[in-house]
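The values are calculated or read from the model by the stated rules, or taken from the named source; none is laboratory data. None of these values were measured; they are calculated from a predicted model. Here the Cβ positions follow ideal geometry from the backbone for every residue, glycine too, while neighbour counts run over all protein chains shown.
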Amino acid sequence: MTQIKYWLFISTLSIAFPNDGEGYRFIGNSTQDYYMDLESVFEMSFGPWDVLNNFSGRTAYEFMAPKEKQDEIIFKMTWSKVISTMRIGDKVSPNHEAQKQNGTSYTIKNDPITGKLISMVGNDEASKQIMETTANSEIGSLFLGDETNILYPFGSDSIRYVGDVWTIEKEEEKSGNVFAFEEFEGTKKSILSYNFKKLKEKKGNKIAYIKLKNIVEINGVGSREDKSIELAISTEINGNIKFNITTGLMESCKMSSAITSSGRDLEDDKIKKFSMGMSIKIKQKLK
């Protein structure tokens, strides 16, 4: 589910309101083993079909060595407890493709200074096949971001105060075999905003409450066989995060989105529209 991609353009704007309180750095956990439990619901309406997919699973993160003793942050991520079903109309069946994620594991390396992803490698053939299958999953990347930054999950190591708002903007070209097209040429624009709403103390831990909003637009032309489609996808993602500053983990993260898409056949000008929705719940805790 994690994609290996690179940001071509990043612009960060911090708006610090007058605040005499204490500032905080949001630094992710990079040394202690932990679990992440994930639940997601994906809905799509396309013509006469209504599709609903449920997914839940757990990932375990095991660090190879303390960050201070190595040139890279290295850890293994393993999937377990994967359950997924697919409903098309009134028919419900197991989603066997998604359940293949169960038992897969990956070795991941991140830079110890910037926190950015260096590489992600499947540890066996099943894991490598899953990576190939999800390599062009734009829906997943809308929620999970384009990079996995283990140290700075909110974009930078800046000191933040309650009331701060900061924005990360990016624009990149999209090309190649994506969206099930044999060829695709277009652009992807994203504006991601965070709002540090409040801070609470809980059993000796400091919990930051953060609101997230992400506007993503994808436009371009895709070709498959003898068909060319002009595609426009607009997405708005909203989320609420409880980040444990003390442990560097997300106590909870809830995100939901509304996705609308329009495709125009360049041969006969016919337009097809469909809508999608997705929600994700994430919880992280130390082993």
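If I filter region 264-287 down to residues being basic (K, R) and either in a strand (DSSP E or B) or over 30 Å from I207 (Cα atoms) (or both), which single residue comes out as nearest to the chain's Cα centre (by Cα)?
Filtering first and then ranking leaves K281.
Name every residue in region 244-261 that is of a type outside the set (D, E, K, R) and farther than 21 Å from I191 by Cα, in order of residue number.
If we filter region 244-261 for residues that are of a type outside the set (D, E, K, R), which is where we start, we get 244-250, 252-253, 255-261.
Answer for region 244-261, where residues must be of a type outside the set (D, E, K, R) and farther than 21 Å from I191 by Cα: N244, I245, T246, T247, G248, L249, M250, S252.
Do we find that K189 is modelled with pLDDT of 95 or more, surrounded by fewer than 20 Cβ atoms within 10 Å (Cβ to Cβ) and part of a strand (DSSP E or B) in this structure?
Spelling it out, it is not the case that K189 is modelled with pLDDT of 95 or more, surrounded by fewer than 20 Cβ atoms within 10 Å (Cβ to Cβ) and part of a strand (DSSP E or B).
For the subset of region 86-106 comprising residues that are surrounded by 16 or more Cβ atoms within 10 Å (Cβ to Cβ) and part of a strand (DSSP E or B), which member is modelled with the lowest pLDDT?
M86
Tell me, which residue of region 204-231 that is of a type in the set (A, V, I, L, M) and touching a Gly at 6+ places or on another chain (Cβ under 8 Å) is nearest to T167 (Cα to Cα)?
Looking at the filtered set, the residue picked out is L212.
Checking the condition of a type outside the set (D, E), under 26 Å from D50 (Cβ atoms) and either out of contact with any helix residue (DSSP H, G or I) (no Cβ under 9 Å at 6 or more places or on another chain) or surrounded by fewer than 14 Cβ atoms within 10 Å (Cβ to Cβ) (or both), which residue from G277, G204 passes?
G277
So, in region 147-157, of the ones that are buried (at least 16 other Cβ atoms within 10 Å of the Cβ) and of a type outside the set (V, I, T), which residue ends up nearest to the chain's Cα centre (by Cα)?
Within region 147-157, the match that is nearest to the chain's Cα centre (by Cα) is E147.
Take N238 and decide whether it is free of Cβ contacts under 8 Å to residues at least 40 places away in the same chain and either over 23 Å from Y35 (Cα atoms) or touching a Gly at 6+ places or on another chain (Cβ under 8 Å) (or both).
When the stated conditions are applied, N238 passes them.
Assess whether K128 counts as being free of Cβ contacts under 8 Å to residues at least 40 places away in the same chain, more than 19 Å from S40 (Cα to Cα) and under 17 Å from the mean Cα position of the chain (by Cα).
Answer is no for this residue.
Could you tell me which of the residues I241, I218, I210 is part of a strand (DSSP E or B), surrounded by 14 or more Cβ atoms within 10 Å (Cβ to Cβ) and within 15 Å of the chain's Cα centre (by Cα)?
I241
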